[in-house]
1. Condition check: open to solvent by 10 Å² or more (accessible area, probe 1.4 Å), without any contact (Cβ under 8 Å) to a residue 12 or more places away in the chain and not in a helix (DSSP H, G or I). Does A:G22 satisfy that?
2. Residues that are within 19 Å of the chain's Cα centre (by Cα) and under 17 Å from A:L140 (Cβ atoms): does segment A:196-203 have at least one?
3. Determine the pairs where a residue that is free of Cβ contacts under 8 Å to residues at least 60 places away in the same chain, located within segment B:201-230, has a partner that is acidic (D, E) with Cβ atoms under 9 Å apart, the partner being 6 or more residues away or on another chain.
4. Consider B:R49 carefully, then state whether it is open to solvent by 20 Å² or more (accessible area, probe 1.4 Å) and either closer than 27 Å to A:H42 by Cα or part of a helix (DSSP H, G or I) (or both).
5. Just the residues that are assigned to a helix (DSSP H, G or I) and more than 28 Å from B:A9 (Cα to Cα), please, taken from segment B:69-99.
6. What tally of residues in segment A:123-165 results from selecting those that are in contact with an Asp or Glu (Cβ under 7 Å, 6 or more places away or on another chain) and under 21 Å from A:F65 (Cα atoms)?
7. Looking at A:E169, A:E212, can you tell me which residue is among the charged types (D, E, K, R) and surrounded by fewer than 17 Cβ atoms within 10 Å (Cβ to Cβ)?
8. If I filter segment A:65-77 for residues that are of a type outside the set (S, T, Y) and in contact with a Pro (Cβ under 6 Å, 6 or more places away or on another chain), do I get at least one hit?
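The values are calculated or read from the model by the stated rules, or taken from the named source; none is laboratory data. Just so it is clear, the model here is predicted, and its values are computed rather than measured. Please note: Cβ atoms are built from the backbone with ideal geometry, for glycine as well, and neighbour counts cover all protein chains shown. Note: areas computed on protein heavy atoms with side chains; ligands, DNA, RNA excluded. Shrake-Rupley method; radii C 1.70, N 1.55, O 1.52, S 1.80 Å.
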Amino acid sequence: MEFFYFGPGHLFGSITPPLARGTPSAAVVLCYPFGQEYMRAHRAYRQLATLISRMAGPVLRFDYFGTGDSPGEGEEVTLQRWVEDTGVAIDEVRQRSGLDRVRMAGLRLGAVAAALASEGRDDVERMVLWDPVIRGRAFLDELDKEGVTPVGSTWWVNGFPASERLRREVDEVDLCRLTVPAATQVVQVISHRNVEFERFSQAMEARSVRGETRLIPSSPNWNYSDDVGGILLPREMIRGVVDALVA
Amino acid sequence: MDTVVKESAVSEEILPIGDGLVGVVCLPAGGPEADLPVVLILNSGVIHRVGACRVSVKLARNLASAGYVAYRFDHSGIGDSPPSRSGLDVDAGQVSEIVKAMTVLEHRTGSSRFILYGLCSGARAGFQAALADSRVVGIVQVDGFAYRTFRYYLLKSLRRLRHFRTIPRVLGRWLGLIKPPVRDGTDGDMWVQEWPDYPPQEEVAAGYARLVERGVRIRAIYTGSWKDEYNYHGQFFDMYPGVDFGGLLSLQYLPHAQHILPHPSDQGRVVEGVTEWVVTEFTHGSGTEA
C-alpha cells in the first residue's frame, strides 16, 4: 500500500495495488462518508480496498479536504469541495495506473460525492452506491435526531462540524435527479429497505439507467456514536460491495 | 512521490516505521528542534490515527504550531496498518511498535526525548512504553487506569441519594437484592477494543513510582464517561497514596466530557490543555531532571 498527498489540495491518499494477474480493466476510487460515519467506516474501507485489489485494479482511498489526514478544518468542509476532490481523485488514480476507466463506490454521503463527481464524465464505468443518501433533507433530519450542538451557525454532530453552507448544499441533494452518464452502470447496495432507496431504484429504472439494487441485510447504524469509539465491520456487506464493484 | 504537505503554520509528512505501519509526522514551520521532545499520539482502541472525532489531528497540528513535532500512527491491525506478524501479544506488540516509532523519529528529528499521549487503550500502552524505554520523559493519559477509592464510593452513594427515587435501588444493590443491569452487547458488525482488566493497583502504583523516580512528567485527564471508576478531581492521588508525585503530576478532570470528546469545547480543553502543559513543562533542554 502506498501513501501520498495529491492534487492541488494536497489530499491524503493511499493506493492498494492490484494483486490479480493480468492488466486490470479499471481503477477504483472509494469515497468515504461524513463525520462519525467516516470514523466508523475507515477500517471497513481498508478491507474493501484489500479485497477489491485481489480481483480488480488499483484502489484509491483518500481524505477530502478538512477530513482525516488531509489539510483543512472540519468547519471548512463543503459538498462542492468533496465533489471536486473526488474528481481530482479519479484523475489521480487514472494517471498513476495508466488506466482510462474507473469504478467507484461510496457509503452514505460518500455515495453522493461519487455520484455527483461522475456527472459529465465518460470514464466512470460502474458506480456502487452503498446505503446512499438519496435525499439530503432526510440525512439532515437524521443528524438532527442524533443530537446537534450548535456553535454559531455550525452544527456539531457526534464530534464533527457541519457548517451552514454544507447543510445548505446537502439539503439540495436529491440523487433521483442525478444525470447518470451513458457509460455508467449504477448498483445500489442497501443494508435495509426504505422508501428513499425504492424511490431511487424507480427513478433510475424510469430513466433506463443500467444497474440494479441489491439488498444485503446488515447494520445500517453508521452515524451512531457509542462511548468507546467502536467501528463497524459488516462482513457480508463488504463482500457484497466488492461483488457489485468487480462484477 | 509527494509525501509532504505544507499548511500555513505546520507541515505534515508521511513517515512509515517499518512492517507496513503507517504514520504522519507533523512538523513546526521552522522544522524540528532536537532539544525539544517529540509527542507521539497513540491509537485509542480501534480508532485509526486521526483519533476520536479527529482530535489527534487537531492536537498534532496545535502542538506543531507551538513548535513541537507530533507523530500519529496506526498500530498493527488498526487503521491502515496490517495485522502484526511479530507473534507478540497485543500489549507487548504495541510497546515494541512505540519503541520502534521513537527510534525512527529520533533519526528524523534528532530528538531523543518523547512524550506519549494516549486516550483509553493508548493511555495504557503509553504507560507501559514509558516503563520500557527511558527516552520517554512525559506521558499524557486520557481515561487511563482507574481504581475506586473510599471517597469514590462515598461520593457515588451521596450523589445517588440526592435523587430519593433511587434510594430503594441503591439500598437493594447494597443488600444484594437487586443485580446491576447487564449491558446488552452491540450489534454483531461492531468491533470495539477488547479491554482486559486493569493490572493490579499495586503494580500500576509501582510503575508510577518508577516513572516519577526517572523524572517523567505525567498529565492525567479523566472524563465523565469514567464516572463508574473515577468521580472526583483528586482521585488520582488517592489511588496511589504511596507515590510521591512531587511536582511531576498534572490533573485535569472533565466531569461533563464524554470519553471520545464529541463536544467541541471538550476537544478544545484537551487540545489546548495538553499543548499548554507540553509548552510549560518541556522548554528547550528541560524534562530530563527529576
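1. Against the criterion (open to solvent by 10 Å² or more (accessible area, probe 1.4 Å), without any contact (Cβ under 8 Å) to a residue 12 or more places away in the chain and not in a helix (DSSP H, G or I)), A:G22 qualifies.
2. Yes: segment A:196-203 contains one or more residues that are within 19 Å of the chain's Cα centre (by Cα) and under 17 Å from A:L140 (Cβ atoms).
3. Matching pairs, first to second residue: B:A209/B:D244.
4. No, not satisfied.
5. Those that are assigned to a helix (DSSP H, G or I) and more than 28 Å from B:A9 (Cα to Cα): B:V90, B:D91, B:A92, B:G93, B:Q94, B:V95, B:S96, B:E97, B:V99.
6. So the first thing to find is which residues in segment A:123-165 are in contact with an Asp or Glu (Cβ under 7 Å, 6 or more places away or on another chain), and the list is A:123, A:134-138, A:140, A:153-154, A:157-158, A:161, A:163.
Remaining after also requiring under 21 Å from A:F65 (Cα atoms): A:136, A:140, A:153-154, A:157-158, A:161, A:163.
Matching residues across segment A:123-165 total 8.
7. Sole residue among the options that is among the charged types (D, E, K, R) and surrounded by fewer than 17 Cβ atoms within 10 Å (Cβ to Cβ): A:E212.
8. Start the filter on segment A:65-77 by keeping residues that are of a type outside the set (S, T, Y), which leaves A:65-66, A:68-69, A:71-77.
Narrowing the set further to residues that are in contact with a Pro (Cβ under 6 Å, 6 or more places away or on another chain) leaves A:74-75.
For segment A:65-77, residues of a type outside the set (S, T, Y) and in contact with a Pro (Cβ under 6 Å, 6 or more places away or on another chain): present.
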